[in-house]
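Novice: I have a structure here, written as structure tokens, and I will follow up with some questions on it.
Read-outs throughout are calculated quantities, based only on the coordinates presented, and are distinct from any laboratory measurement. Not measured: the values here are computed from a predicted model. Backbone-built Cβ (ideal geometry, glycine too); neighbour counts: all protein chains shown.
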Amino acid sequence: MQHSSQDVLQCPMPHSPGVGIGTRKRIKVKVEVLYFRGCPNHEPAVEQVRMALRNEGLPILVSEVEITDPAMAQKVGFLGSPSIRIDGIDVEPSAREIKTFGFGCRTYSDDEGMRSGLPPVGLIQQAARERRSA
């Protein structure tokens, strides 16, 4: 299921870890997976994001944003496919200051320093925790 890049989920989370336990506090979470058509890591990345959000007790609504050309990549600050943002912030801290955007594949480092086309679930979870406490 695809959602527009404007989708934002507002959800009461009375028992979510660290989010107003025992209250009806409403949170807004905007999660995007930016990708280009044909990227072999697009769908697996969406599943990684859903798993990470589920592990964090957060609403699981992911906007899939197709980047269609290099001009769009420049306009939205696309770091490669797939890129994951939570509330507009890239999940990879070391990538947040990068200003060279392009229309290509992206890799992420795992805890052992190995490169992969998929971000580790733990990286996504950490980014979700950061945004939740911001």
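Novice: Which net charge results when you count Lys and Arg as +1 and Asp and Glu as -1 among the other residues whose beta-carbon is under 15 Å from that of His42? Present the calculation step by step, with values, prior to reporting the outcome.
Specialist: Numbers: positive: Arg37, Arg50, Arg85, Arg106; negative: Glu32, Glu43, Glu47, Glu64, Glu66.
Taking every other residue near His42 into account, the sum is -1.
Novice: Kirkwood hydrodynamic radius (Cα pairs, Å) of region 23-104? Before the final figure, lay out each step's value.
Specialist: Numbers: mean 1/r = 0.0747 Å⁻¹.
For region 23-104, the Kirkwood estimate is 13.4 Å.
Novice: Would any residue of region 107-134 have its amide N under 13 Å from a label point 7 Å out along Cα→Cβ of Ser94? List them or say none.
Specialist: Zone members listed by number: 107-116, 120.
Novice: Using alpha-carbon pairs under 8 Å, 6+ residues apart, how would you state the relative contact order of region 22-134 in percent?
Specialist: 30 percent
Novice: Let me ask something else about it. Applying a 10 Å radius around every beta-carbon, put 99-110, 35-46, 83-94 in order of their mean neighbour count, most first. Write down the numbers at each step before the final one.
Specialist: Details: 99-110: 14.2, 35-46: 16.8, 83-94: 18.5.
Put in order of decreasing packing, that is 83-94, 35-46, 99-110.
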